[in-house]
Structure formats: C-alpha cells, structure tokens
2 protein chains.
Amino acid sequence: MNYKSKLSKLAEGITSSIIRELLKFASEPGFISFGGGVPDPETFPRKELAEIAKEVIEKEYRFSLQYGTTEGDPLLKAQYIRYLERWEGLKGLTENNLLITVGSQQALDLIARTFLDEGSIVALSLPAYLGAVSAFKMRNPRFLTVPLSEDGMETEILEKKLESLSSEELQRFKFVYTVPNFHNPAGVTLSLERRKHLLELAERFDFFIVEDDPYGALRFEGEHVPSIFKLGGMDRVVLLNTFSKVLSPGLRIGLVIAHESVISRLVRVKQGVDLCSPSLTQRIAARYMERYDMLAKLKETLEIYREKKDVMMKAFERHLSDIGARWTRPKGGLFSWIVLPEDFDTLEMLEIGKEHKILWIPGSAFHVDGSGQNTMRVSYCLPSKEEIGEGVERMRRAMEAYKKAKVPSR
Amino acid sequence: MNYKSKLSKLAEGITSSIIRELLKFASEPGFISFGGGVPDPETFPRKELAEIAKEVIEKEYRFSLQYGTTEGDPLLKAQYIRYLERWEGLKGLTENNLLITVGSQQALDLIARTFLDEGSIVALSLPAYLGAVSAFKMRNPRFLTVPLSEDGMETEILEKKLESLSSEELQRFKFVYTVPNFHNPAGVTLSLERRKHLLELAERFDFFIVEDDPYGALRFEGEHVPSIFKLGGMDRVVLLNTFSKVLSPGLRIGLVIAHESVISRLVRVKQGVDLCSPSLTQRIAARYMERYDMLAKLKETLEIYREKKDVMMKAFERHLSDIGARWTRPKGGLFSWIVLPEDFDTLEMLEIGKEHKILWIPGSAFHVDGSGQNTMRVSYCLPSKEEIGEGVERMRRAMEAYKKAKVPSR
C-alpha cells in the first residue's frame, strides 16, 4: 500500500537532518571532520565500565535486567544528587526532583509534549541547538528568536521582544530554552549578569527557563559560573544534564532536575513514550559514580580538549583572519562558531569542502528563521592536533576556491 | 511558579496509570501478585550476558560506548534478520526494513506520531493492551473497538464496523492494532482464518495492520500460527517485536519490521525523540544472538510457565467455577483473563483483595470505552506454584467477601 497517504501531518513536516546526511561523509578515508560533537572514544573509562557492567549483571540482575520504574534508578538518582550538591552547590534535592531519560534529547521531547501546544511560544537563541529545535518543532510552536553575543543570549533583546508581546501572546509564552555553558553551536557562555537578568524576566513575564547544560562540566579555562538553576531555584528553572559528554554517550542517560510537579508530569508522558529507560545502563552509571570521581577522571580529557582548541584558534588566526572571518574562543565544551563575510554560503561551499576532504556543519542548520548562511560550527574534540592544523588549511583552500567561483569581486 | 498553568493539552489529558499505582502494593511483604506481566529474573541468562557486556565494552568500546545511528546497531539487525528467517520464515528482509527502538513502547509511540492526527481512526480490541492505548491516545484519535473471542479479534464484527464508516471516515482510518499471539490482557490467539480475513479487510478498505508480537515466542502448547506479516507481507503489515520477554526487559530493546518507506519515516521522528537507542544494550543483544540460540534457551522457562499456567487453571476450576466466573486458557504468553458475573466490579473489589493480600489488574484499565468492570487480568509467570494456588484461594475469599458486602442477593 501507499503508506505515504497514511502519514500524520507531524510526520509530513519532518525533513531529514542535514547534519545526519553530512556526517555520512565524515567516515570516508582521508576526510578530516570538524562536524560531529562527539567525544573521543579513547577517553571513555572502558576498563572500569567493563568491570562494573559485568558485576551489575551478575550480582544485581534482579534490577539491571528487569523493567525499572518510569522515574529511573533510585541509586543513580541518589548518586546524582550528591554530585549536584558537590559540583553545583545544589541543596535539598530529593529523588522526586529527578527524572532519568534516554539522553537529553528525550528530556527535550518530554518537555515539548508536556508544555507545548500548537501556537505556544518558546524563546531560543539564534543559532540554537538543533536537537532542541527538532523536539520543539514536533509540537508546532512559534519561536521567539534572540541573538547571541560572546556573553550568550542577548537578554536585553529578549526583554524588548517580550515587552512587545500582547497579553494574549504572553499567555501562550511557555519558556526560554538556553544552553548557558559553551553553547552548541556557538561555543559562548551566558554571563552571570545575563543569567540574573533572565531570571528577572522570568519573574516579570511569568515564564520558566529550560537550562540545558551538557557542557558545563567541560570547562578548561576561566571561572565556573553558577547555573541558572542554582541562582533561580526550581520554581523558575528546569535543568537538563547528561552523561554523554562526561562519561559515555552510548549509555544514553540524560537527567531532568526540576520541581516535583514538573517531574510528575514528565513521568506520565514518558510512560506512554517508552515505559522506562534501560535499567542496565542506569545501574552501570550509578555504580560508576559511587566508585569513581567522574569529574576528576575528566581532567585529562579536558586538558586534551584545551590543547586542541588552542591549536585550532592559532590556525584560525593564521589562515582565516585575512579572509574576514570572525570566530568564538570557547573556554570549554566542544565547539567554535565561525562567521564569514556575508557573501559566503557555507552549505553551498560544503561541496568544495568535500573535494578538499574537510567537513564542517553549515550554520543555517541551527537557525530556525532560515538565516545564518555565512556561519558554520566547527568542533575540535575528535580530530588530532595535526589534523586540526591540516583541516583549517583545507578550509582556507576551500574558502578561496569558493570565493573565486562564487563571490563577486568588488 | 505555577507550572500547571503552562501545561499542554496533551499533558493535561494524561491521568496516572491505575496499574502503576496498584503495582506499588505488589512488593509489600506477604502479598501475592497476579498483577505484573514481567518475566521471572531467575530465567535471565545472567552469566552469559555479564561476560558479553564486559567484552563488548572492553573490545568494542568505540561502538558500544559511543553514539549510534538512529536506525540502530547494524550487527543486531543482521542477527535479527537471521532469527526472523529461521523462526518466522521471513525472507528477503534487509537492514532498511528494521528499526531498533527503546522497547516496543517506543515503537508504538513512533507509529502513533508518524501516522495519527487528531481525529484519525484506529481499530483495536476490547480489551486492548494498555501501553498501546496510552501511546495512541497522545495523538487524540478515535477508537473503533472490536470484541475478542477465544479466536482473537472478531474480524467479522470489524468488517461490519468498517462497512458502516463513511468514505470520509475511511480516509481517516489508518490501521488496525492487534496482539495476535497470547493477547495482553486476554491471553487469546488470533486464528489463522481470522488473520487471513484481517488481511482481506486491509486490502478491501485500504488500511495497514500493526502486528504487536511480544509473546509469539512464548508458546508452550499447540501449533505455531504464521504471523500476519508472513501471510500479508510488508505492504500491509508493520510487525513489532521485543527482547523483553525472550531475553531481558532491562535492555529495553524493541524492533519494528516494516517496509523501508515506513522505517525511514519512523527514523525521522525518532531523531527528535531520543537521537538513538543505547549502543551498549544493542551490541550486547547482538553478540548474545550470535553466540547462543535465544529460543532454545527459553525452552526451560516456557516449561515453567506451562506448569504454572496448569496450576492456575486447576485452581480456577476448583475455586471460581461456582461463582460464575469464566476465564481464558492460554497456550502461551503470560496472561489469563477472567470474566465475572456482571454485578462484580473488580476495581472496587480490589480494596478487599488488598485486605486478603492478593492483587490482580482490574479489566476496566484495558477498555478504552470504560467498560469491562467485571473483568480482570491475571498473570501466572512470576508467583511460585504454591503462591498461585494460595493466591486463587485468596481471590475466592475476596470475591465472597465482596459479594456479601456489595452484590444484591436475588
């Protein structure tokens, strides 16, 4: 039969992701990829995880191989509460404030379903994390977009946009979505002042903040900025975390930290979505946290990221300055963001990039309004230092070739 | 803030599951539970899984601890294709016909989002699997309900109901959802004749069939009936399978087997839902299937289930016959279904059941039309044979007490 004739409007509206298509090239021999935001598998504590996996299956099979509760492994929650207290200074959290999800992506989807209707309004940055946009879009909301600067989301502009909303629109305004630390894709961090300003706006206009923080623990320079959750509390903030960047993405473990009334609603939706997350991966993470200092183990990895970032920044200065490019200088996380002169189109240019065996993510993929043609996301975490140097040179050559072919000389 | 004021209509519409609330009692000391449909953890091959888990983390960490593709582990797909060929006689399947999901529940959710809009029409049985109903309900469809007999869904009645639909309604009719083998909750199996009839109806009225088959491999008596997928092919049937009942629910691995055009659409939705399923659990299952004969290992378990079922059936005959109860005699799977005289309300009676420390699932939970008050689902897979005998006696006492208190004597 023609299944197409049976599709829902939701399914008809989803196009295949550009990034997915692009990353297929990344594995071809000889390619250097600045594309993926994935950790280096050599940094995973595989020996420790292998031992723990064996143990929790042998000794805790009644839990680890069985169905779990929708809310998640109580042991993992207890460990994570301890971790949040130690690293974020968050006190007074209980099991009822946590939900374990299948990666942060599921948290975003659950939040979208729990809070968004068609026509609900959500504010997010330009550019914004693609995964959040995909999850939100399935609910057909309206996006209020806010530009980013080196200090993160320009809350002054958000304020003006909120002021211009009618009271009926404010009724439909649900939350601001933000990646405050080492933003994906932009690499920038929201300043303390702007975090406070965002909370003031949340009070004044009665909305909540979804603080998505996969990269906060990946700081390799500068001072830790308190989380918005820490500053504003669970009455205004829903915090999302994940193990993907600090332990292993293959476990697919994300967490929502929020007011009990939020968690209980997310749980009801999750029941219909997948009943429960895998017990095995949750218990492995719990025992790992119990035995090892997860962040101490990360230090070595972060030192490598910092070095790679430095190599990339130097290469940018050498090869991209005179082409009129600007870029962000991340103090943590995985990404830098390049803004080229306006007559570049980084998606179009990618065809030439492929010829030069170099890959980036075109910035338009991160713009819900279809802008950003002259921007790109680059990641330094996976290629070696040598590859980073060589890769930036290839970028330069691709830019020159593109300019010659496409950009009108003035 | 008042998060309630920000909820979506979807979230407002989801009530907490009765079963969830009930099962909380099941773990109290002294209770005998016929409630859960969960396998006995002693039957999980923990030694084998522990070894494999250690190995795939140590040696295959680049895959098992890393992000995977949305479609799922290619190795697991290859193993499963071999399995389907061997056990279901399905030929010609390729990787593109399979999607790995986080349990069957996620498959149901993805199908709901991919095919259902508000007002779409779906046919299912009365009673129906609760998890499917929850997933479908989030899309706000209209349910066409079809009663069950010992031979499964009464397709003759479905035919009449389809005939009475207007052509506009038939346009909105998407699929028939069925659990053909050892139905949850009813324990019955769809006969070969009715499977064929269902396919004829699918052709005639141009719909597809969602064949949810978690229990097919759990036959302990009688002859295997070919799957609807085997009879009708992927042009009319989307087949759902799971590892939860044949290997371990804690891995949370489900599968969709379908036409490539269906899989590619489900994949796009899954991307926004959780990016990908855990690589680790998928690779563990793949290596397990490679090394062991999954179904041969199940034989012992099935023999235990059959014995327990026999004990339960004998106890029913002894204790429930003269109270006017009828029940199904399953030839596989986990459940029997009891129909009591109409003046019983098994949800109300559960309060008395709790006093007698015996638990069942009230049948109304499985009826989308709110009927079924005098029915209940009972599972024999988890309690011991002694507990089954004792549990049925307790049920009898609870029924008598209920009758005395509630049912008017005539």
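See the values below:
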read-out	value
Selection status of A:Arg20, modelled with pLDDT under 90 and basic (Lys, Arg)	yes
Total residues in the stretch A:142-176, condition more than 18 Å from the chain's Cα centre (by Cα) and of a type in the set (Val, Ile, Thr)	2
When residues of the stretch A:1-27 are limited to those that are in contact with a Leu (Cβ under 9 Å, 6 or more places away or on another chain) and part of a loop (DSSP other than H, G, I, E, B), the one farthest from A:Arg306 (Cα to Cα)	A:Ser8
Unmet requirement for A:Asp235, which otherwise passes all of (1) buried (at least 19 other Cβ atoms within 10 Å of the Cβ); (2) more than 17 Å from the chain's Cα centre (by Cα); (3) in contact (Cβ under 8 Å) with a residue 12 or more places away in the chain; (4) within 11 Å of chain B (Cβ to nearest Cβ)	(1)
Number of the condition not met by B:Val179 [criteria: (1) over 19 Å from B:Leu239 (Cα atoms); (2) of a type in the set (A, V, I, L, M); (3) within 22 Å of the chain's Cα centre (by Cα)]	(1)
Residue selected from the stretch B:53-67 under the condition more than 7 Å from chain A (Cβ to nearest Cβ) and not acidic (Asp, Glu), by the criterion nearest to A:Leu251 (Cα to Cα)	B:Phe63
Scope the stretch A:358-410; condition closer than 25 Å to A:Phe136 by Cβ and among the acidic types (Asp, Glu); matching residues	A:Asp369
Residues of the stretch A:269-295 classified as more than 22 Å from the chain's Cα centre (by Cα) and surrounded by fewer than 20 Cβ atoms within 10 Å (Cβ to Cβ), total	5
Lone qualifier among A:Arg377, A:Arg397 - being touching a Pro at 6+ places or on another chain (Cβ under 7 Å), touching a residue at least 40 places away in the same chain (Cβ under 8 Å) and among the basic types (Lys, Arg)	A:Arg377
Residue satisfying all of: in the stretch A:239-276; more than 7 Å from chain B (Cβ to nearest Cβ) and of a type in the set (S, T, N, Q); nearest to A:Thr301 (Cα to Cα) among these	A:Ser244
Of the criteria (1) of a type in the set (A, V, I, L, M, F, W, C); (2) more than 9 Å from chain A (Cβ to nearest Cβ); (3) free of Cβ contacts under 8 Å to residues at least 40 places away in the same chain, which one B:Phe31 fails	(3)
Single condition B:Gly30 does not satisfy, out of (1) more than 22 Å from the chain's Cα centre (by Cα); (2) in a helix (DSSP H, G or I)	(2)
Any chance A:Gly89 is within 9 Å of another protein chain (Cβ to nearest Cβ) and in contact with a helix residue (DSSP H, G or I) (Cβ under 8 Å, 6 or more places away or on another chain)	no
Test: residue in the stretch A:51-65 that is closer than 19 Å to A:Cys276 by Cα, of a type in the set (Phe, Trp, Tyr) and either out of contact with any Ser or Thr (no Cβ under 9 Å at 6 or more places or on another chain) or in the same structural domain as A:Phe182 (by TED's automatic domain parsing) (or both)	yes
Leading residue by the ranking (farthest from the other protein chains (Cβ to nearest Cβ)) among those in the stretch A:138-174 that are among the basic types (Lys, Arg) and in a helix (DSSP H, G or I)	A:Lys160
Every residue from the stretch A:114-127 that is within 14 Å of chain B (Cβ to nearest Cβ) and buried (at least 22 other Cβ atoms within 10 Å of the Cβ)	A:Thr114, A:Phe115, A:Leu116, A:Val122, A:Ala123
Search result, residues across the stretch A:162-186 that are over 25 Å from A:Val38 (Cα atoms) and surrounded by 15 or more Cβ atoms within 10 Å (Cβ to Cβ)	A:Leu162, A:Leu165, A:Arg172, A:Phe173, A:Lys174, A:Phe175, A:Val176
Residues of the stretch B:68-90 satisfying the condition of being farther than 20 Å from B:Asp293 by Cβ and without any contact (Cβ under 8 Å) to a residue 40 or more places away in the chain	B:Pro74
Helices (runs of 4 or more DSSP H) lying entirely in the stretch A:230-325 (those with 3 or more residues that are over 28 Å from B:Ile14 (Cβ atoms))	A:279-291, A:294-320
Among residues of the stretch B:200-227, those that are in contact with a Lys or Arg (Cβ under 8 Å, 6 or more places away or on another chain) and within 14 Å of another protein chain (Cβ to nearest Cβ), counted	6
Residue match in the stretch B:69-85 (condition: within 8 Å of chain A (Cβ to nearest Cβ), farther than 17 Å from B:His259 by Cβ and either touching a Pro at 6+ places or on another chain (Cβ under 6 Å) or surrounded by fewer than 24 Cβ atoms within 10 Å (Cβ to Cβ) (or both))	yes
Residue in the stretch B:92-102 that is closer than 25 Å to A:Leu266 by Cβ, modelled with pLDDT of 95 or more and more than 10 Å from every other protein chain (Cβ to nearest Cβ) present	yes
Subset tally (residues that are crowded, with 21+ Cβ neighbours inside 10 Å and free of Cβ contacts under 8 Å to residues at least 60 places away in the same chain) for the stretch A:187-200	4
Top-ranked residue of the stretch B:277-292 - restricted to ones that are more than 22 Å from A:Cys276 (Cβ to Cβ) and not hydrophobic (A, V, I, L, M, F, W, C), ranked as nearest to the other protein chains (Cβ to nearest Cβ)	B:Arg287
The lone exception for B:Glu48 - which of (1) within 9 Å of chain A (Cβ to nearest Cβ); (2) at pLDDT 95 or above it fails	(1)
Condition met for A:Gly30 (at positive phi and surrounded by fewer than 23 Cβ atoms within 10 Å (Cβ to Cβ))	yes
Some residue of the stretch A:314-333 being under 30 Å from B:Ala112 (Cα atoms) and surrounded by fewer than 18 Cβ atoms within 10 Å (Cβ to Cβ)	no
Number of the exception - A:Glu42 against (1) facing another protein chain (nearest Cβ under 9 Å); (2) closer than 30 Å to A:Leu347 by Cβ	(2)
Residue pairs meeting the criteria (Cβ under 8 Å; at least 6 apart or on separate chains; first more than 8 Å from chain B (Cβ to nearest Cβ), in the stretch A:1-20; second in a loop (DSSP other than H, G, I, E, B) and modelled with pLDDT under 95)	A:Ile19/A:Gly35
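The values are calculated or read from the model by the stated rules, or taken from the named source; none is laboratory data. Note that the structure is a prediction, hence the values are computed from the model and not measured. Please note: Cβ atoms are built from the backbone with ideal geometry, for glycine as well, and neighbour counts cover all protein chains shown.
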